[in-house]
Amino acid sequence: MSYSELQIEGRNPVIEAFRSGKTVDRLYVLKGTADAPVQTILKQAKKQGTVINFVEKERLDQLSQTKHHQGVIAITAAYSYSTVDDILKKAQERGEDPFLILADGIEDPHNLGAIIRTANLAGAHGVIIPRRRAVGLTAVVAKASAGALNYTPVAKVTNLAALIDELKKKGIWFVCADMEGESMYRQNLTGPIGLVVGNEGSGVGKLIREKCDYTASIPMKGDIDSLNASAAAAVLMYEIVRQRLEGKKIKADGGN
């Protein structure tokens, strides 16, 4: 299976890309350009929530494949994004408590792809990523997901902290992956849950971590510092799966 991002160059092609409803992940615009076509593009980009980068001509020339970029290059996503409501609806349709994965600042596309793949296998209802300072649904992410992007919705939001506050009101609670947290084996990870995993180097951001209800660590006995982001996410996801299955078993046994 092959996946591809689309690089669109030139003012009219980029305008048409927005008007046709394509999901534009990133937009590169020549610094200091303020004519009408570029203003139209910027207006559409802001409406869609596209990340806008104002760059020098040298950078555009370096990125350009056609060498006729006219001061504008757009990069569309390899896959379309879903919404958080779509993800919650999926849980409702299955008759299950929501199981969400929030990836805070994952920059390595292979890690994000692996997280999406494990989320699918673990039965999570969707993955949520921030709009900025994180990789989007690139072709590398799609390939690393091994097809999971066909089945697991991914939503992109402007503010993860605000989203957590909103979802808490819906009865979802949040656990943050953190090396300094309490062992995951000592925590109740059942019920409507959002698992927050962080950046490969710095982990979950301070504000996001403070918003979470609990922090969970993975017991480690080796000589190196830690697991990478996707491996840690996988271990925690499957502890949630284990506890959910155990909870169902207890209910089936009548609580004995």
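Assorted remarks:
- For the chain, the longest principal axis of the Cα atoms and the long axis of helix 36-48 meet at an angle of about 10 degrees.
- Once the convex hull of all Cα atoms in segment 20-64 is built, its volume per residue stands at 81 Å³.
- Against the main long axis of the alpha-carbon atoms of the chain, helix 109-121 sits at an angle near 40°.
- Positive-pole candidate from A139, C176, G21, dipole of the chain, charges at beta carbon: G21
- Gain on full extension, evaluated as 0.36 nm per residue between W173 and D213 minus their Cα-Cα distance, stands at 13.8 nm.
- Alpha carbon Rg of segment 26-164, scaled by the compact-globule rule 2.2 N^0.38 Å: 1.19
- For the chain, the fraction of 1.4 Å probe accessible surface lying on carbon and sulfur atoms is 49 percent.
- Loop-located trypsin sites (Lys or Arg not before Pro) in segment 40-75, at most 15 other Cβ atoms within 10 Å (DSSP): K67
- Charge dipole of segment 59-206 about the Cα centre (unit charges at C-beta), most positive-ward option of L195, S80, Y151: S80
- Computed with a 1.4 Å probe over protein heavy atoms only, the accessible surface of the chain comes to 52 Å² per residue.
- Check: the chain dipole with +1 on Lys, Arg Cβ and -1 on Asp, Glu Cβ, in debye: 680 debye
- The trypsin sites (Lys or Arg not before Pro) of segment 145-245 meeting both criteria, a DSSP state outside H, G, I, E and B (loop) and at most 10 other C-beta atoms within 10 angstrom of the site's C-beta, are K169, K170, K221.
- For Y238 and Q48, a Förster radius of 41 Å and the Cβ-Cβ distance give a FRET efficiency of 0.70, rounded to the nearest 0.05.
- Note: relative contact order over the chain, using C-alpha pairs below 8 Å and six or more positions apart, is 18 percent.
- Residue-count net charge about V84 - beta-carbon cut-off 14 Å; Lys, Arg +1, Asp, Glu -1: +3
- In Å, descending, principal axis extents of the Cα set of the chain: 71, 44, 36
- Scattering profile of segment 77-127 at q = 0.18, 0.23 Å⁻¹ [log10 I(q)/I(0), Debye over alpha-carbon scatterers]: -0.61, -0.93
- Distance between the pseudo-spin-label points of Q39 and D61 (7 Å out from Cα toward the beta carbon): 2.9 nm.
- Entry note, the chain: the mean residue ellipticity at 222 nm calculated from DSSP H runs of n ≥ 4, each adding -39500 (n - 2.57), is -11500 deg cm²/dmol after division by the residues and rounding to the nearest 500.
The values are calculated or read from the model by the stated rules, or taken from the named source; none is laboratory data. These numbers were taken from a predicted model, which means no experiment stands behind them. For neighbour counting, all protein chains shown are included, and Cβ atoms are generated from backbone atoms with ideal geometry for every residue, glycine included. Accessible surface is based on the protein model in full, side chains and every heavy atom, while ligands, DNA and RNA are left aside. Shrake-Rupley method; radii C 1.70, N 1.55, O 1.52, S 1.80 Å.
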